[in-house]
């Protein structure tokens, strides 16, 4: 007699990307490629392609709450990834809904700075992410400009400066902080992981590719997917391993991105490189 295998259920809360490389669509690809059943709640309709963002049309907080409540009434969610949140009203809506029926894991990608360096949210949006969402998250995944915006300081340019920034990020109350070092100069691309048991570097070589569209979305979603596969009693080392496995998956997706030819700007990572 065959028995059904329990496949983890994941949720991405994010804006759309018609080009399919980032945002909601990129998250669903990542979550699916890594063996979870992906669900979604849309927070903004975005007109963009591989060359940039043309327009952002936020979804009202009430409709976001309706999406969340209807989904959570019906589907068990093991892990959720939260992307860009631009207003305090939306941040508080997410906190209320997720604290009422909290998934085992919450991963926050504090998307606040575009690759061009432009800050995407105002001061109220920044404080909402920092004060409302970060303390609720199990893992946050800021890059160096985003970490700087969260703390109101200059972005670090060296590994030593990354280490000096980490205590202030840990003080924001998320137990696991993955500070991404992709903006550092050089041939390596190290990330610095803060955990309740100490800090550690996760080194990796820099991939020579222009296909960087959606890398932050892919990494945070990959972390959510790997955490969703863990048993409820997973210990610290298994959590750290899951985060490291997500980083290695992104490395492979970046290497394989050369096989894709999508758009005329920054192309996407190859989410399904292991399958195609």
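Every read-out reported here was derived from the displayed coordinates using simple, explicitly stated rules and does not represent laboratory data. Nothing here was measured: the structure is a model prediction, and the numbers come from that model. Neighbour counts run over all protein chains shown; Cβ positions are idealised from the backbone, glycine included.
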**Q.** Full-extension gain in nm, residue 54 to residue 248, via 0.36 nm per residue minus C-alpha separation
**A.** 66.6 nm
(Q) Out of all DSSP beta bridges in the chain, what portion is antiparallel? Express it as a percent rounded to 5. (A) 45 percent
Q | GNM flexibility winner over the chain from 53, 85, 41 (Cα, springs under 10 Å) | A | 53
Q | Cα→Cβ-extended label distance, 7 Å offset, between residue 188 and residue 264, nm | A | 3.9 nm
Q. Arranged by the count of other C-beta atoms within 10 angstrom, fewest first, what order do 122, 74 take?
A. 74, 122
Q) Per q in 0.12, 0.16 1/Å, what log10 I(q)/I(0) does a Debye calculation on the alpha-carbon atoms of the stretch 140-247 return? A) -0.40, -0.72
Q: Give me the number: length gained by fully extending residue 73 to residue 210, i.e. 0.36 nm times residue separation minus the C-alpha to C-alpha distance, one decimal in nm.
A: 45.2 nm
Q. Tell me, what does the Kirkwood hydrodynamic radius of the stretch 9-259 come to in angstroms if you use every pair of distinct C-alpha atoms?
A. 18.0 Å
Q: Could you compute the FRET efficiency for residue 171 and residue 200, with r as their C-beta to C-beta distance and R0 at 22 Å, rounded to 0.05?
A: 0.75
